[in-house]
Amino acid sequence: MQKLKNAIIEKDSHLEYFNIATSVDCVIFGYEDRQLKVLLIKSDLKEFEGLWSLLGDLVRPDEDIEKAAYRVLESRTNFEDVYLEQVYTFGNVSRHPSGRVITVAYFSLVNIKSHKVALTDNELHWHAVKDIDQLAFDHKLILDTCLCRLQEKVMEQPIIFNLLSEKFSLRELQDLYEAILGVPLDRRNFRKRIMLKNWLVDLNEMEEEVSHRPGKLYKLKNVLKHKALSKKPVHHF
């Protein structure tokens, strides 16, 4: 008959394994001035002095990982009820100078115009993703990984509408897709592909006070809005 051990014995025999920290890092994407942006904060570690980092924190001993991600979003930015998706776990042994820290990465999509950043002690700013070449820790790798996940999903799921105002033109929508994908898109093919998805409602309204020829205004179908704006994280295993 198998002899069972209790949890205390298990811990005492593997103390080094139970002293590994867990953190969450949030890649918060926004869109402004035809650029995909990410919210960054100045690192407060001397080892990364002068470098920017993603928003993140250690998971508290009595805290679920998912709740830690929401805590980071709400306490550091005052953002609530935004799209949040779990992307990947990063566990390189030397990724944190203080010791072994395994981090779970999330990305979030927010409308910069409707979400005002709550400033903290350190500098907190939106940065154009295309201009970022170095971050603290392994945060550039985390950013790139989350961007790839976003690029994979935007043509298949209506999550992109979290970055736009409720009403938008097809020109604005194409500009957003081009900013995320990093490539120019053929206007005719893009509009055909979007319309085939049956995501949009024609509002029978036109743009106003624009420097170009006014375009029709659309919105996301109500039946899709809850899914696109869902606060519940999507998990990947």
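May I ask you to verify whether Tyr83 is touching a Leu at 6+ places or on another chain (Cβ under 6 Å) and in the same structural domain as Glu32 (by TED's automatic domain parsing)? In short, yes. The requirement of being among the hydroxyl-bearing types (Ser, Thr, Tyr), over 23 Å from Ile160 (Cβ atoms) and more than 12 Å from the chain's Cα centre (by Cα) is not satisfied by Thr77. Can you confirm whether the range 124-141 contains a residue that is under 18 Å from the mean Cα position of the chain (by Cα) and either closer than 30 Å to Asp202 by Cα or assigned by TED's automatic domain parsing to the domain that holds His212 (or both)? Taking every residue of the range 124-141 in turn, none turns out to be under 18 Å from the mean Cα position of the chain (by Cα) and either closer than 30 Å to Asp202 by Cα or assigned by TED's automatic domain parsing to the domain that holds His212 (or both). Would you please name the residue that is modelled with the lowest pLDDT, looking only at residues in the range 205-233 that are surrounded by 14 or more Cβ atoms within 10 Å (Cβ to Cβ) and of a type in the set (Gly, Ala, Ser)? Checking each candidate, the answer is Ser230.
Scan the range 33-43 and tell me whether some residue there is touching a Lys or Arg at 6+ places or on another chain (Cβ under 8 Å), surrounded by fewer than 17 Cβ atoms within 10 Å (Cβ to Cβ), touching a residue at least 60 places away in the same chain (Cβ under 8 Å) and not aliphatic (A, V, I, L, M). Taking every residue of the range 33-43 in turn, at least one turns out to be touching a Lys or Arg at 6+ places or on another chain (Cβ under 8 Å), surrounded by fewer than 17 Cβ atoms within 10 Å (Cβ to Cβ), touching a residue at least 60 places away in the same chain (Cβ under 8 Å) and not aliphatic (A, V, I, L, M). When only residues in the range 142-171 that are of a type in the set (D, E, K, R) and without any contact (Cβ under 8 Å) to a residue 40 or more places away in the chain count, which is surrounded by the fewest Cβ atoms within 10 Å (Cβ to Cβ)? The extreme case among them is Glu156. Criterion applied to Glu156, Glu166, Glu178 was being farther than 14 Å from Tyr83 by Cβ and modelled with pLDDT of 95 or more, and the one residue passing it is Glu178. Residue check: Asp202 meets all listed conditions (1) more than 19 Å from Gln151 (Cα to Cα); (2) surrounded by 13 or more Cβ atoms within 10 Å (Cβ to Cβ) but one, namely (2).
Residues being at pLDDT below 80, assigned to a helix (DSSP H, G or I) and not β-branched (Val, Ile, Thr): count how many of those fall in the range 1-27. Qualifying residue count, the range 1-27: 8.
The values are calculated or read from the model by the stated rules, or taken from the named source; none is laboratory data. Note that the coordinates shown come from a computational prediction; the quantities given were computed from them, not determined experimentally. Every residue, glycine among them, receives a Cβ derived from its backbone with ideal geometry; neighbour counts consider all protein chains shown.
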